[in-house]
Amino acid sequence: MSLTIKTCTTGDINDLIQIAQQSYREHYTYLWLDNGEGYIQSNFNFDKFQGELSDPNAAFFLIHDGPAPVGLIKLNLNSATGVFSADTTLELERIYFIKEASGKGLGKEAINFVLNFAKQRGKSIIWLKAMDSSAAVEFYKKRGFQITAETELNYPNLRDEFRKMYVMVLHLYVPSPL
């Protein structure tokens, strides 16, 4: 496996757009009455990524399998959830892969990257939201995440049966500095 994960800059916006749009169309159109086009156009465009990349609380990474980008990760570096404060938590907001990258173990490697990233920053909690109907819930459970809460999405054109999300939390062991 020739997996590499690199930190994104504004020079990577076109790759981020391409990966986000392709991945979303390949995996998530069934969730929407409009095949997700409204969501894609409002969330995966140049201005949106430029704004998110300029946010000091956000970190984006492109995942490459060989020379080509096949996925992306978006983290929110200080993002409170439930009883956990922002200084101890990191949110995994997005992890997307294009279809051709599925089933190669890249998701496991990407999660390991996020775990190491969080530990290096002294975080003790990683959290995320996953659709209750998604196979990703079991993927995250296998990696130690636990469902701690439920929430609902209120996007227009989202099918009613896909509005429920789980909040999932992973507790990390972070050694205290000597």
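The values are calculated or read from the model by the stated rules, or taken from the named source; none is laboratory data. All of these numbers come straight from a predicted model, not from anything done at the bench. Please note: Cβ atoms are built from the backbone with ideal geometry, for glycine as well, and neighbour counts cover all protein chains shown.
Observations, loosely collected:
- Near pairs, Cβ below 7 angstrom, 6+ apart or cross-chain, from region 132-152 (over 22 Å from S102 (Cβ atoms)) to any residue that is β-branched (V, I, T) and loosely packed, with under 14 Cβ neighbours inside 10 Å: none
Matching residues to (1) out of contact with any helix residue (DSSP H, G or I) (no Cβ under 9 Å at 6 or more places or on another chain); (2) closer than 16 Å to S23 by Cα; (3) part of a strand (DSSP E or B); (4) in contact (Cβ under 8 Å) with a residue 24 or more places away in the chain:
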{"position": "V70", "(1), (2), (3), (4)": "no, yes, yes, yes"}
{"position": "L92", "(1), (2), (3), (4)": "no, no, yes, yes"}
{"position": "Y96", "(1), (2), (3), (4)": "no, yes, yes, yes"}
{"position": "G107", "(1), (2), (3), (4)": "no, yes, no, yes"}
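- Here is the figure for region 1-54: residues that are under 30 Å from R163 (Cβ atoms), of a type in the set (G, A, S) and either under 14 Å from the mean Cα position of the chain (by Cα) or part of a loop (DSSP other than H, G, I, E, B) (or both) total 3.
Each row is one residue, and each column tells you yes or no for (1) surrounded by 14 or more Cβ atoms within 10 Å (Cβ to Cβ); (2) within 14 Å of T4 (Cα to Cα).
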{"residue": "S85", "(1), (2)": "no, no"}
{"residue": "Y96", "(1), (2)": "yes, no"}
{"residue": "V114", "(1), (2)": "yes, yes"}
{"residue": "K119", "(1), (2)": "yes, no"}
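- Within region 39-50, residues that are on the phi < 0 side of the Ramachandran plot have Cβ atoms under 7 Å from residues that are not in a helix (DSSP H, G or I) in these pairs: Y39/W32; Y39/Y155, counting only partners at least 6 apart in sequence or on another chain.
- Taken together, A136, A101 contain a single residue that is crowded, with 20+ Cβ neighbours inside 10 Å, modelled with pLDDT under 95, closer than 21 Å to I5 by Cβ and within 17 Å of the chain's Cα centre (by Cα), which is A101.
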